[in-house]
Amino acid sequence: MPGKTFPNASGSAGLALGLRQNLAQFMLLVTVNALVGGTLGQERTVLPLLASQTFHLDLYTGALTYILAFGLSKAAMNYFAGTLSDRYGRKPVLVAGWLAAVPVPLMLILGPSWAWIVAANVLLGISQGLTWSTAVIMKMDLVGPKRRGLAMGFNEAAGYLGVAVTALVTGYLAATYGLRPAPFLLGAAYIALGLGLTVLAVRETHHHAQTEATQHVEAHSDAHAGLTTGQVFTLTSFKDRSLSAASQAGLVNNLNDGLAWGLFPVLFASAGLNLGQIGILAAAYPAAWGAAQLVTGAASDRWGRKWFITTGMIVQAAGLGITASAHSFGPWLGAAIVLGLGTAMVYPTLLAAIGDVAHPAWRARSVGVYRLWRDGGFAVGALLSGILADLYGIPTAIAAIAALTAVSGVVVAVRMRDNDHA
């Protein structure tokens, strides 16, 4: 909310922006986001197999309802996270996100029907929307404009390496102890640790955004400080060329992720791969994605956003094409790495591109709108890939999404401005 102030921990009015000046809090938030990613990673290997082996869901469309539920609730919470963090501050929203996750592992462990699993993913989506969005916003607040790509690279690297490590570990836990309860006990530990760190150690950062607002140079005349929430939504979604290009690319990117999450383990299992191999493949994609963002986010600070995003979407399309045509572990492992590298080029760069244009007075809301569209891609991916897989088989569904991804990259090349990044 414009004009509202949030006192900092020391009570001082003067605040320094920058990574070095705020390194301790920045690294604490990196750790918190790794735990956020791990909370999501507890499902990546196990839940698709739980759908087919424990609950005996035959249709892909029905089995992917948990991703649909997750995507819709997370997308909605992304939007509200930005608005709420402007109104009440960042830290209360982050705490609320962790509290929403508390029942999730127990529901996944004890759920007697698939409806329980879907309900758990509604809560998980609420949690992820509030925690991950707020972690993004807080890092942007701390580092200021010059290292925004680097900050987003660290944030997303931590989150998706958390996803990857947990997907790998839960694959081995499931192979050793069964699909339930062991994999989800790890998720419960992450939630307890993340909530504790947030309550005890994370500090409010909204005052850093207020400091940056006094120094901000508007990207263009429509991006001034006094926009309403409705105007921010319209500008980010449709009117601004760069913001809207980023929003559609984000949606398609997470459409790919929903496809990989829901159908890849089923495809690998149908080819005779064991749980250990499926866990490796489920981890390789987010591992490549996570690690490479340590480089790609910072590189986009130096070389600009537009062509990183365009190239990344094309590389993702290539990875999906290889997955659709392959039939064994080796080629699938290579495809997972290619898909992860393409995603790494896109993911932090899209967030940084939003930050380049958005005024600090409404940047949190613009990030929320972008993430609304981006994580809506989970829901679109679950529906579209499920329908295509039921009608034509999983390889055809993957090939169709690959073509859509390439088109999205072309849209960025045509629509996004070249000169937003300073």
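The values are calculated or read from the model by the stated rules, or taken from the named source; none is laboratory data. These numbers come from a predicted model, not from an experiment. Every residue, glycine as well, gets a Cβ built from its backbone with ideal geometry; the counts of neighbours run over all protein chains shown. Quick note on the areas: whole protein, heavy atoms, side chains included, nothing else; ligands and nucleic acids left out. Shrake-Rupley method; radii C 1.70, N 1.55, O 1.52, S 1.80 Å.
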>> Nearest 10 degrees is fine. How inclined is helix 394-415 to the longest principal axis of the chain, computing both from alpha carbons?
In response: 20
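Give me the Å³ per residue figure for the convex hull around the C-alpha atoms of region 273-371.
Per-residue hull volume (Cα only) is 102 Å³.
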>> Could you report the accessible area of Arg180 in Å², rounded to 10, computed with a 1.4 Å probe on the protein chains as they sit in the structure?
In response: 70
>> For a bin width of 20 Å, list the pair-distance distribution of the chain built from all Cα-Cα distances, rounded to whole %.
In response: 30, 59, 11, 0
> Amide H of Thr205: which non-local residues (sequence gap of 5 or more, or other chain) have their own amide H closer than 5 Å, using H built in the peptide plane?
Replying inline: Arg90, Lys91
>> Ordering Trp307, Trp289 by accessible area with a probe of 1.4 Å, largest first, what comes out?
In response: Trp307, Trp289
>> Just to confirm my numbers, what's the Cα centroid distance between region 23-86 and region 354-403 in Å?
In response: 14
> Applying the Karplus parametrisation 6.51 cos²θ - 1.76 cosθ + 1.60 with θ = phi - 60° to the phi angles of region 75-87, what ³J(HN,Hα) value in whole Hz is obtained for each residue in order, glycine and proline being reported as x?
Replying inline: 4, 4, 5, 4, 4, 6, 4, x, 5, 5, 6, 6, 7
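Would you calculate a helix-derived [θ] at 222 nm for the chain, using -39,500 (n - 2.57) for each DSSP H run of n ≥ 4 and dividing by the full residue count, to the nearest 500? Walk me through the numbers before you get to the answer.
On the way: 17 runs with 327 residues, N = 422.
Calculated at 222 nm, the ellipticity per residue is -26500 deg cm²/dmol.
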>> Please list, in order along region 89-95, the HN-Hα scalar couplings obtained from phi with the Karplus expression 6.51 cos²θ - 1.76 cosθ + 1.60 (θ = phi - 60°), rounded to whole Hz, x for Gly and Pro.
In response: x, 6, 4, x, 5, 5, 4
>> Keeping all protein chains in the complex and leaving out DNA, RNA and ligands, what accessible area do you get for Tyr88 with a 1.4 Å probe, in Å² to the nearest 10?
In response: 130
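Looking at the square roots a ≥ b ≥ c of the eigenvalues of the Cα gyration tensor of region 54-161, which shape do they give, rounded for a/c under 1.5, prolate if a/b is larger than b/c, or oblate?
Working: a/c = 2.66, a/b = 2.03, b/c = 1.31.
Prolate is the answer for region 54-161, as a/c is 1.5 or above and a/b outweighs b/c.
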> Across region 145-159, in residue order, what do the Karplus-derived ³J(HN,Hα) couplings come to in whole Hz, using 6.51 cos²θ - 1.76 cosθ + 1.60 with θ = phi - 60° and x for Gly and Pro?
Replying inline: x, 6, 10, 5, x, 4, 4, 5, x, 5, 4, 6, 4, 4, x
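Within a Cβ distance under 11 Å of Phe308, other residues only, what is the Lys/Arg minus Asp/Glu net charge?
Details: positive: Arg302, Arg305, Lys306; negative: Asp301.
The answer is +2.
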